[in-house]
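First comes the structure, then the notes that go with it.
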Amino acid sequence: MNRIHFVQQCVDREIEKLHNSELKKLAYIHTYGVFQLAALLAQMRHIDIELASICALLHDISQYSENAARKEHANKSSNYAKKLLSESSFFTDEEIQQICHCISVHSNKQNHNDGALCELLKDADVFQRFLYDPSTPLERNHQLRVVSILKELKLNKGE
């Protein structure tokens, strides 16, 4: 089985457990939006697309699986990912560590020094929220990320 498809199935199972149809819809939109943007940014930045995609799929999983509070969800999602990926036997310990680290720091958008894969996840997360509703005001550090991504997309239009 394809590793991305395996993770998608696991994430979909958790989202499907949500009873509120509006929350379920938003969970799918956000998760798969971040997933698609992560793949795009990974391609542009020459970062492993598969790892970026898996980080994106799992980055908010604890909000769906255990209704984790916003301020706790990054660490709880990282813990969920570690358990899931370790039990699957599809991933090396190094890959699991890398994925879980990125998930654990993805809420700290102020820090821009967490490594290329982590910054990609932060960017995809912020950009998806922007694209979902561009009229919603963004925090300053989120605005800076959106502007940077828009410039990056413009610069890569011919590649």
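Readers should treat all values here as calculations from the given coordinates under stated rules, not as data from a laboratory. Quantities reported herein were computed from a predicted structural model and do not represent experimental measurements. No Cβ is skipped: glycine too gets one built from the backbone with ideal geometry, and neighbour counts run over all protein chains shown.
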Scaled radius of gyration (Cα, divided by 2.2 N^0.38 Å) that region 35-139 gives: 1.03
Using a 7 Å offset from the Cα along the Cα-to-Cβ direction at both GLU16 and LEU131, what is the distance between the two label points in nm, to one decimal? 2.5
Where a Cα-Cα gap under 17 Å defines reach, which lysines qualify for LYS71, not counting those fewer than 8 residues away within the same chain? LYS109, LYS122
GluC sites (Glu not before Pro) in region 67-109 lying in a DSSP loop, each with at most 14 other Cβ atoms within 10 Å of its Cβ, come to GLU72
